[in-house]
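Some notes on the structure that comes next.
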Amino acid sequence: MEQKSKQFRSKWGFLVTAVGSAVGMANVWGFPYKLQSEGGGAFLLVYLVFIVIFGYCGLSAEYAIGRRAQTGTLGAYEYAWKSRGMGAIGKVIGWLPLAGSILIAIGYACIISYVLKALVQSIDGSLLQVVPGEWFEGFAFSDYSVVPYHLIVVAFTLLTCVTGAHSIEKANKVMMPLFFVLFVILAIRVAMLPNAFDGYAFMFQPEWSQILNPRTWVSAMGQAFFSLSITGSGMIVCGAYLSKGEDIVDGAKKTAFFDTIAAMVSAFVMVPAVFSYGLEQSRGPGLLFVTLPTILQDMVGGQFFAIILFTAVVFGGVTSLQNMIEVVAESLMHKIPALSRKMALILLGVIIFGVGVNLEAISSWGPWMDMISIYIIPLGATLGAISWFWVLKKDELLEEINLASKYKYGNFWYNLGRYLYVPLAVVLCAVAILTRTAF
């Protein structure tokens, strides 16, 4: 009965929560930037190949180990390694991807606090009166400039986690549909801008020479990995809360599909808008806090569309942050049974807010995010891939995958994961660390 109370109440609830975990800044500013800078349609084709592979194998495996172990990160690694009589190793290595979740959550909360500030200033109209570059630098490089917004972001996200799977499910049933609706509204408005179709043409017209460029493949692979939130941690807890009657591979396919739709809708807003105004596509925060406000100031109805944009991005950010917090809270409660959910969330809130505010004070959240994205997240994803396909017994993984499946998954699915997905994870980790490239 206790385990049932931790489960999602519906297939739709699981799907919107999983999609909410996957959809985030990687979709909103990462994908549009890489699409434009890495060859347009060429990058898109390669990206879709990796989305299919990673969604089909990697995401399915993370859901499966979570449901099999009936718990999140720490318990899942221990379970996988214990199946080979090496549970002590699993107890240790599970802490690395878990650390990645809490560390990335600290930086993520900083970013969302900036977005919330932009939303508030869109509502009062002041965003339309500023010089975007100076405005962004004015608070991004100032001590304790967004503390109230930061506190609101952390407190609100914690509230959505207060009863675990049930409150997370309820929050995502509201925020995720609104995220898509709001971005579709923005995309329709952008389509009406002069020369917007030049942006669409660029998106879908491949620069075939880029197909032979290793950078295109590595960039697309990294984007697919982190867009789907396959980090060896975050998606495990979604699997832990998944009913035994749900088809895991089907759920993974749908998560990958809607995550890709989110990335494409974001690109339909960002790329044509930049083309229309003849601006250079900015990377990361520059796109959201400098380039887009510049466009919105000149656009008819700019204030209305600024409100829509930043509301949607807040929703996408909070649903991702929610998962990062939940996966750590669940693992702490698993490791320390006496620790209540309330106390676990308070502890995490204090850490995320306290460390994050100090990162803002020294303008170090950017280097912090790069460090985690270069070293900890890729390594955690690789450890997870190896643990599921090379350590956990094949029969156990396939049994969980096939538990409620309409189709029989066997050697093809398993070997694709073992001999293609895992090597790709290893390559990505090596490239990230050796080249110090944050994906």
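Structure summary
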{"item": "Spin-label model distance (nm) - L178 vs I211, 7 Å beyond Cα toward Cβ", "result": "4.3 nm"}
{"item": "Three-way shape label, the range 285-329, alpha-carbon gyration tensor, a/c 1.5", "result": "oblate"}
{"item": "Simple Cβ-charge dipole of the chain, Lys/Arg +1 and Asp/Glu -1, about Cα centre, in debye nearest 20", "result": "1380 debye"}
{"item": "Tensor-based shape of the range 31-111 (alpha-carbon gyration tensor, a/c under 1.5 rounded, otherwise prolate or oblate)", "result": "oblate"}
{"item": "Computed label-point distance, nm, for sites V92 and D143 using a 7 Å Cα→Cβ extension", "result": "4.2 nm"}
{"item": "Per residue accessible area of the chain, 1.4 Å probe, in Å²", "result": "38 Å²"}
{"item": "Phi-based couplings in Hz for the range 32-47 (Karplus 6.51, -1.76, 1.60; Gly and Pro marked x)", "result": "x, 5, 5, 4, 7, 8, 10, x, x, x, 5, 4, 4, 4, 5, 4"}
{"item": "Sequence of Y277, Y47 from largest to smallest accessible area, 1.4 Å probe", "result": "Y277, Y47"}
{"item": "Karplus (6.51, -1.76, 1.60) ³J(HN,Hα), θ = phi - 60°, over the range 190-201, in Hz, Gly and Pro reported as x", "result": "5, 4, 8, 6, x, 6, 4, 5, 5, x, 4, 4"}
{"item": "Kirkwood Rh in Å, taken over all unlike Cα pairs in the range 201-323", "result": "17.2 Å"}
{"item": "Whole-Hz couplings from phi, Karplus 6.51/-1.76/1.60, listed for the range 169-185; x for Gly and Pro", "result": "4, 4, 5, 6, 5, 8, 6, 5, x, 5, 4, 5, 4, 5, 6, 5, 4"}
{"item": "Cross-link partners of K408 among lysines (Cα-Cα below 23 Å; sequence separation of 8 or more within a chain)", "result": "K11, K244, K253, K254, K393, K394"}
{"item": "Cα principal axis extents for the range 147-258, largest first, Å", "result": "50, 33, 33"}
{"item": "CD proxy at 222 nm, helix term only [per DSSP H run n ≥ 4: -39500 (n - 2.57); per residue of the chain; nearest 500]", "result": "-22500 deg cm²/dmol"}
{"item": "Translational D in µm²/s for the range 299-439 (Stokes-Einstein at 20 °C, 1.002 mPa s, Kirkwood Rh from C-alpha pairs)", "result": "113 µm²/s"}
{"item": "S340 versus Y277: modelled label distance in nm, points set 7 Å from Cα along the beta carbon direction", "result": "4.9 nm"}
{"item": "Cα shape, the range 68-113, gyration tensor, a/c 1.5 rule", "result": "prolate"}
{"item": "Carbon plus sulfur fraction of accessible area for the range 1-148, probe 1.4 Å, in percent", "result": "63 percent"}
{"item": "Cross-link partners of K91 among aspartates and glutamates (Cα-Cα below 16 Å; sequence separation of 8 or more within a chain)", "result": "E78, E330"}
{"item": "Carbon + sulfur, % of accessible area of the range 212-265 - ligands and nucleic acids excluded, 1.4 Å", "result": "69 percent"}
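The values are calculated or read from the model by the stated rules, or taken from the named source; none is laboratory data. Please read all numbers here as calculations on a predicted model, not as lab measurements. Quick reminder, even Gly has a Cβ in these numbers, built from the backbone with ideal geometry, and neighbours come from all protein chains shown. In case anyone asks, the SASA skips ligands and DNA or RNA and just uses the protein heavy atoms, side chains included. Shrake-Rupley method; radii C 1.70, N 1.55, O 1.52, S 1.80 Å.
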